[in-house]
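What follows draws every value from the coordinates through simple rules; no lab data is involved. Here the structure is a predicted model, which is why all the values come from computation and not from measurement. Cβ placement follows ideal geometry from the backbone for every residue including glycine, while neighbour counts extend to all protein chains displayed.
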There are 2 protein chains.
Amino acid sequence: METLSRKQEIIVVASRLFKERGYNAVSMRDIAQEMGIKAASLYNHISGKQELLSTLILEVAREFTFGMNRVVKEEVSSIEKITQVIELHIDITVNFSEGLAALNNDWMHLEATDLEGFVKMREDYEENFRIILKQGIEAGEIQSHHPEVMLFSILSTLRTLYVWYQKRGKLDVNLLKKDMVAVLLHGIVPPK
Amino acid sequence: METLSRKQEIIVVASRLFKERGYNAVSMRDIAQEMGIKAASLYNHISGKQELLSTLILEVAREFTFGMNRVVKEEVSSIEKITQVIELHIDITVNFSEGLAALNNDWMHLEATDLEGFVKMREDYEENFRIILKQGIEAGEIQSHHPEVMLFSILSTLRTLYVWYQKRGKLDVNLLKKDMVAVLLHGIVPPK
DNA sequence: AATTCTAACTAACAAGCGTTAGTTTTGTGT
DNA sequence: ACACAAAACTAACGCTTGTTAGTTAGAATT
């Protein structure tokens with residue numbers, strides 16, 4: 001078990017509070033109290049509240065971008081790529097669940113270049129997903145109707161996963177992957 | 001076209017700002033400025049900021065509860081019930097998209113009895129959905145594996161719909177209903 | 001014409017915000 | 001024992017927050 005630096009400890013505490021109450025409802029004094037120190041002392045380790053947010057969000061966003069770029073390059077079927085994207089989301093959910101909450105709920109409170117960078121990454125990610133779907137349709141692997149609805153449905157499910165994952169108390173990751181792939185690819189109605 | 005009371009006008013303005021920035025990032029002065037008056041003047045019409053939030057959220061929450069209770073009572077197949085729930089969500093998304101944003105993002109900033117009431121309604125709603133799925137499984141209309149994943153996937157998609165609905169610029173509602181039902185029930189892979 | 005109502009205003013309050021400056025304590029290596 | 005750095009402290013800053021009190025202008029009602 002690696003020991004966390006004081007700065008990392010602060011980020012962990014902040015991410016927990018951000019997840020529970022949202023960025024704007026958490027004060028520096030709240031974070032300090034949770035760590036057993038005074039608010040001013042936080043500034044020995046971090047440059048400000050904004051750094052906490054951008055550190056959390058951008059770390060996770062880069063993880064998504066990196067993972068998606070890896071999947072796109074693979075030489076496999078579209079179905080397999082979508083499967084890998086689903087698994088990517090689940091892995092990130094398990095490993096970065098606190099940061100994911102900030103990314104989903106508080107990204108609009110990023111400032112300047114951080115905000116621009118995040119929006120760009122998000123758009124690119126979505127566009128890559130869209131291309132994968134399109135290729136799958138052309139190859140006949142995926143239904144040709146309403147591709148935008150599919151894209152939106154899958155992404156919505158994956159993005160909300162972090163809420164459920166902890167409420168249900170740490171499900172088995174590999175089983176969850178299998179189930180999610182099954183439901184998202186084949187729906188809920190049994191084949192005739 | 002019915003004319004809005006001053007109070008209703010305030011609620012409309014507030015809901016728009018809440019959706020864009022979140023409850024805590026919007027001040028009473030922001031709302032007042034958007035209406036062309038001073039913050040103190042708002043208090044001639046409303047009791048406080050909290051009233052704006054609870055009015056918005058509870059109105060939508062009651063709409064969900066009412067709609068779900070109606071669907072549950074119907075004497076139709078489970079598949080048909082799920083279809084109706086999907087349509088219910090889409091109707092509410094179209095008619096209450098601003099309040100829906102507050103409900104999704106800022107419900108935790110409700111206070112006391114409003115918060116309790118909301119959580120209760122949400123749990124009941126989810127439980128009703130779970131029961132519908134269960135009945136469908138018992139009747140053989142729905143796949144028997146991973147019912148919790150199905151529930152979570154469908155609900156996630158429906159709850160996030162309001163974000164997409166306006167980004168895509170007012171799609172045709174009936175077409176959207178058809179497409180959503182198709183994707184959520186049958187997935188994205190064509191039948192063999 | 002006098003009164004009441006509506007909806008705005010100005011001014012101010014106490015509390016909380018993020019952050020800075022300067023100081024003191026604590027722990028570590030020489 | 002001494003020096004140095006890390007990490008805490010106290011005190012305060014300027015600003016914003018939600019909200020209240022008291023007042024005023026105009027419209028509607030009597």
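Over the residues of chain B, the helix contribution to mean residue ellipticity at 222 nm works out to -24500 deg cm²/dmol, using -39500 (n - 2.57) for each DSSP H run of at least 4. Kirkwood's formula applied to the C-alpha pairs of segment A:1-67 gives a hydrodynamic radius of 12.5 angstrom.
The protein assembly as shown: D in µm²/s via Stokes-Einstein (Kirkwood Rh, Cα pairs, 4 °C, 1.567 mPa s)? Answer, rounded: 57 µm²/s.
Shown is the FRET efficiency for B:Glu80 and A:Lys177, computed with R0 = 30 Å from the Cβ-Cβ distance and rounded to the nearest 0.05: 0.45. Specify whether the C-alpha gyration tensor of chain B places it in the rounded, prolate or oblate class, a ≥ b ≥ c being the square roots of the eigenvalues: rounded for a/c under 1.5, otherwise prolate if a/b is larger than b/c and oblate if not. Here chain B falls in the prolate category. For B:Ile131, inter-copy separations between label points set 7 Å beyond Cα along the Cβ vector come to 4.9 nm, shortest first.
Here the contact order of segment B:49-186, divided by its residue count and restricted to Cα pairs under 8 Å and six or more residues apart, works out to 33 percent.
In nanometres and ascending order, the distances from the A:Glu80 label point to those of the other copies are 4.4 (point 7 Å from Cα along Cα→Cβ).
Pairs exceeding 30 Å between alpha-carbon atoms, taken from A:Lys81/A:Lys120; A:Lys19/A:Lys178; A:Lys170/B:Lys19; A:Lys19/B:Lys134; A:Lys7/A:Lys120: A:Lys170/B:Lys19; A:Lys19/B:Lys134. Label-point spacing at A:Glu111 relative to the other copies reads 3.0 nm, in ascending order, each point sitting 7 Å out from Cα along Cα→Cβ. Spin-label model, A:Glu116/A:Glu9: points 7 Å from Cα along the beta carbon direction are separated by 3.7 nm.
If you take the alpha carbon atoms of segment B:48-121 and fit the smallest convex hull around them, that volume is 83 Å³ per residue.
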